[in-house]
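The values are calculated or read from the model by the stated rules, or taken from the named source; none is laboratory data. These figures come from a predicted structure and were not determined experimentally. As a convention, Cβ positions derive from the backbone with ideal geometry for all residues, glycine included, and neighbour counts pool all protein chains shown.
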Amino acid sequence: MIGETSLACAKISEDPAADLPLLDVQGLTKYYGERLGCAKVDCQLWPGEVLAIVGESGSGKSTLLNVLSTQLLPTSGTVNYRMRDGEMREIFSLSEAERRFLMRTDWGFVHQDPRDGLRMRVSAGANVGERLMGVGERHYGRIRGAAADWLDRVEIEPDRIDDQPLAFSGGMRQRLQIARNLVSSPRLVFMDEPTGGLDVSVQARLLDLLRGLVRELALAVVIVTHDLAVARLLSDRIMVMRAGRLVETGLTDQVLDDPAEPYTQLLVSSVLQV
Ligand code: ADP
Ligand code: MG
């Protein structure tokens, strides 16, 4: 244990950018015409940290996630991202090519509906392999090998590698989407209700799997969920949103066990229908 701790410290101190966040969000605001999506959100995400965005339906969770992941443009505000070379860059000031490169190499996005994140009519192996090709891998044997390895890690039988996701159950599709996202070793993964569309028993297993992978890979994750049990299981820190605004943020256990804001107290006591 002691050895592990000192090793971790040594690693951190070797990294010149260790005291910089991975994401630094300032005043992020998104209007859809007149309608508010989210307003004046400030937050930071640290390497290896899992941040859950919670709140009732319509509170702006998906809006915030979609702006952070550059799928939507903000009305105002900035998002600085620490690139692999340590430099902080404002993501909306990047060129389209740079932004696409980032999405292909450094980032992942796990959609609630796996159909949005998979190619349904190409094989499971190709779904995973395609992401590797996106980061420059060209060797067929290595791509196939890595795809097989990742299918195994997400508990998909090896003999399904040539099957299309169309033939998979919802839980298998979601596990495949996770493999497709993680095979390229991203540093940051966005997830929007990744267990939302699944049966309760399937959800529990997927959550276990996700938790193991996130820890093992020391992934930084921004996860949107209306399910506080999911936030409890996966996240280090929570941001509570209401009507597009951030109402409370803190360590997960602290926010859930001892919420400071009356709104969070209602949310935690399940008085609110979320
Ligand atoms: P959540 O994910 O927490 O349910 P959303 O981010 O989807 O919340 O929505 C936040 C607010 O923005 C809601 O009032 C919603 O109606 C509105 N909204 C979301 N998407 C759009 C859109 N494409 N056009 C107009 N309004 C939208
Ligand atoms: Mg949503």
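Observations on the model:
- Given (1) touching a residue at least 24 places away in the same chain (Cβ under 8 Å); (2) more than 16 Å from ligand 2 (Cβ to nearest atom); (3) not in a strand (DSSP E or B), number of the condition Cys43 does not satisfy: (3)
- Lys61 meets each of the listed conditions (1) at pLDDT below 95; (2) within 12 Å of ligand 1 (Cβ to nearest atom); (3) charged (D, E, K, R) apart from (1).
- Residue match in segment 161-177 (condition: within 16 Å of ligand 2 (Cβ to nearest atom) and at pLDDT 95 or above): no
- The helices (runs of 4 or more DSSP H) found wholly in segment 90-153 and carrying at least 1 residues that are in contact with an Asp or Glu (Cβ under 7 Å, 6 or more places away or on another chain) and touching a residue at least 24 places away in the same chain (Cβ under 8 Å) occupy 124-134.
- Residue match in segment 71-80 (condition: surrounded by 21 or more Cβ atoms within 10 Å (Cβ to Cβ), under 20 Å from Asp236 (Cα atoms) and more than 8 Å from ligand 1 (Cβ to nearest atom)): no
- Evaluation of Leu28 against (1) part of a loop (DSSP other than H, G, I, E, B); (2) within 22 Å of Val247 (Cα to Cα) (one fails), failing number: (1)
- Test: residue in segment 87-99 that is modelled with pLDDT of 95 or more and within 16 Å of ligand 1 (Cβ to nearest atom): no
- Residue list for segment 222-272, filter: among the polar types (S, T, N, Q) and within 16 Å of ligand 2 (Cβ to nearest atom): Thr225
- Hits in segment 52-70 (condition: closer than 18 Å to Thr225 by Cβ and either assigned to a loop (DSSP other than H, G, I, E, B) or away from ligand 2 (no atom under 16 Å from the Cβ) (or both)): Gly55, Glu56, Ser57, Gly58, Ser59, Gly60, Ser69
- Within segment 133-152, being at pLDDT below 95 and under 23 Å from Asp192 (Cα atoms) holds for one residue alone: Gly134.
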